[in-house]
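Written below as structure tokens is the structure these notes are about.
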Amino acid sequence: MTSTTQAPAAVVGVRTPARRKSHVPMQILRWSLLAVALAVAGVLAWRYAHSQAAPVVRYQTAAVDHGPIAAKVTASGAVSALITVQVGSQVSGRISAWYVDFNAPVKKGQLIATIEPSMFRAAVEQARANYASAAAGYTKAIANRLLAERNSSRELALFEQSLASRQDLDAAEAQTEAARADVSAADSAIQQARASLDQAVLNMSYTRIVSPIDGIVISRNIDVGQTVAASFQAPTLFSIAQDLTKMQVDTNVAEGDVGKIREKMEATFTVDAFPTRTYRGVVRQVRDNAQTIQNVVTYDAVIDVDNTDLSLRPTMTANCTFVYATQGDAVRLPNAALRFKPDAATVAAMTPGAPSSSPPQDLAADQRVIWVKRGLQPVLVVVRVGISDGMVTEIAEGALRAGDAVVTEAVVQSAGGH
């Protein structure tokens with residue numbers, strides 16, 4: 001009996017704790033699912049609220065101010081002497097000597113190089129001999145003519161006395177005419193020989209290369225022993241600049257700016273050799289001859305410049321500036337504001353809740369549309385512009401004043417975006 005009553009008690013004592021522990025994981029799972037659901041609902045609600053918010057516009061602005069403006073045209077060019085002579089050779093031959101080098105001063109008529117004269121000296125001697133032969137031929141023709149004329153006179157006297165036939169007289173007269181023709185031919189031959197002699201002497205003189213002007217040697221393109229050929233085109237042996245104290249700058253002005261350049265206009269330029277020094281000159285001429293390089297049309301505006309200190313050298317690159325208009329005290333607008341042209345979506349973000357703002361379509365050629373930051377939202381302002389220096393532009397007319405903040409860029413971001 002005792003063992004029978006204790007068995008059920010032991011069984012009941014073992015099963016009861018197992019049933020209480022099974023309810024704990026179920027309660028944790030339910031609370032976890034409830035927390036996840038609430039988090040998802042919160043995220044969805046936050047996203048929905050931010051998707052409905054107005055976008056944020058971030059602006060970049062610049063200030064309008066007062067100050068001077070100088071309207072300029074810029075162009076590049078090259079420095080050169082007023083007169084530069086290319087000294088060449090009119091005869092072909094071998095260079096026997098040269099007497100001046102780079103940067104050497106020369107005088108007009110000074111010997112600067114020679115060509116080997118042996119062949120030309122021989123040609124002169126041959127031409128002189130031909131001339132002497134032609135002169136002798138002319139003398140002989142004169143003698144023959146005199147003889148023929150005397151024979152003709154004798155035959156005429158005999159014919160008048162009936163001592164000679166008509167045939168003899170005609171033959172004598174024909175010989176006289178032939179002798180006279182021989183004299184004319186000999187005279188032509190002697191003139192031709194004289195011309196050949198003069199040409200040979202002239203060619204001989206061309207073997208002495210002399211300077212045609214007073215100046216300075218810019219370049220020497222020959223050496224002793226070099227052969228020059230002048231058959232088709234005279235080769236350039238030296239380049240001589242007449243006066244380096246007075247120089248000129250040949251500039252390449254774009255066709256869109258050439259109308260702003262006038263004769264006697266002042267100009268300034270710099271060269272790479274002296275970047276901190278500004279040279280001044282005067283426009284002498286705007287040449288009508290255009291140059292087209294890579295479909296870009298330019299015109300040559302020639303600037304005269306004083307080079308007394310000889311700091312400028314030929315072919316230096318000059319960065320030129322022409323000032324064609326100035327304004328001493330103007331309302332200045334940064335050019336970045338003129339370039340700011342927002343699209344329709346940006347305009348809508350800039351002016352939320354306001355009527356649609358679009359630039360007027362009937363603007364004059366000198367009118368522009370500017371966005372000005374006044375208060376929380378920018379407003380559209382139409383202004384009339386004047387001269388510009390490339391960085392700022394004069395406001396000739398419009399509701400802008402110094403201190404206004406004009407919009408130069410607007411970036412639209414979603415609400416809460418970074």
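Before rounding to the nearest 500, sum -39500 (n - 2.57) across all DSSP H runs of length at least 4 in the chain and divide by the residue total; then give [θ] at 222 nm in deg cm²/dmol.
Helix contribution divided over all residues of the chain: -12000 deg cm²/dmol.
Say each of Ala230 and Ser165 gets a label point 7 Å from the Cα, pointing the same way as Cα to Cβ; how far apart are those two points in nm?
6.3
Using a simple spin-label model with points 7 Å from Cα along the Cα→Cβ vector, what separation in nm is obtained for Ala136 and Thr308?
Each label point is offset 7 Å from its Cα along the Cβ direction, giving 6.9 nm.
From zero up to wherever the largest Cα-Cα distance of segment 143-250 sits, split into 5 Å bins and tell me the percent of pairs in each.
2, 9, 10, 10, 8, 7, 7, 5, 5, 5, 5, 5, 5, 5, 4, 3, 2, 1, 0
Once you have the Kirkwood Rh of segment 318-387 from its Cα pairs, apply Stokes-Einstein at 4 °C and 1.567 mPa s and quote D in µm²/s.
Rounded to a whole number, D works out at 89 µm²/s.
Considering the alpha-carbon set of segment 249-298 alone, what are its Rg and its Dmax in angstrom?
Final numbers for Rg and Dmax: 12.6, 33 Å.
Treating only the Cβ of Lys, Arg, Asp and Glu as charged (+1, +1, -1, -1), what charge dipole size does segment 132-204 show about its Cα centre? Round to the nearest 20 debye.
Here the size comes out at about 240 debye.
For the peptides 400-411, 97-108, what is the packing order when you average, over each peptide's residues, the other Cβ atoms within 10 Å and list the highest mean first?
Ranked by mean Cβ neighbours within 10 Å, highest first: 400-411, 97-108.
Relative contact order of the chain: what whole-number percent is it, with Cα pairs under 8 angstrom and at least 6 residues apart?
Relative contact order comes out at 27 percent.
Restricting to lysine pairs 8 or more places apart or on different chains, what number in the chain have Cα atoms under 23 Å apart?
Lysine pairs meeting the criterion: 6.
Report the full-extension gain for the segment Thr278 to Glu173: residue separation times 0.36 nm, less the Cα-Cα distance, to one decimal in nm.
Length difference between fully extended and current span is 28.8 nm.
Taking a temperature of 10 °C and a viscosity of 1.306 mPa s, what whole-number D in µm²/s does Stokes-Einstein yield for the chain with Rh from Kirkwood over alpha carbon pairs?
Translational diffusion coefficient: 47 µm²/s.
Taking the alpha-carbon set of segment 117-206, what are its Rg and Dmax in Å?
Rg then Dmax for segment 117-206, in Å: 19.9, 67.
Quick one: pull the percentage of alpha-carbon pairs in segment 71-178 with a separation above 15 Å.
80
The numbers here are math on the coordinates, done by the rules we state, and not lab data. Quantities reported herein were computed from a predicted structural model and do not represent experimental measurements. Cβ coordinates were reconstructed from backbone atoms using ideal geometry, including for glycine residues, and neighbour counts include every protein chain displayed.
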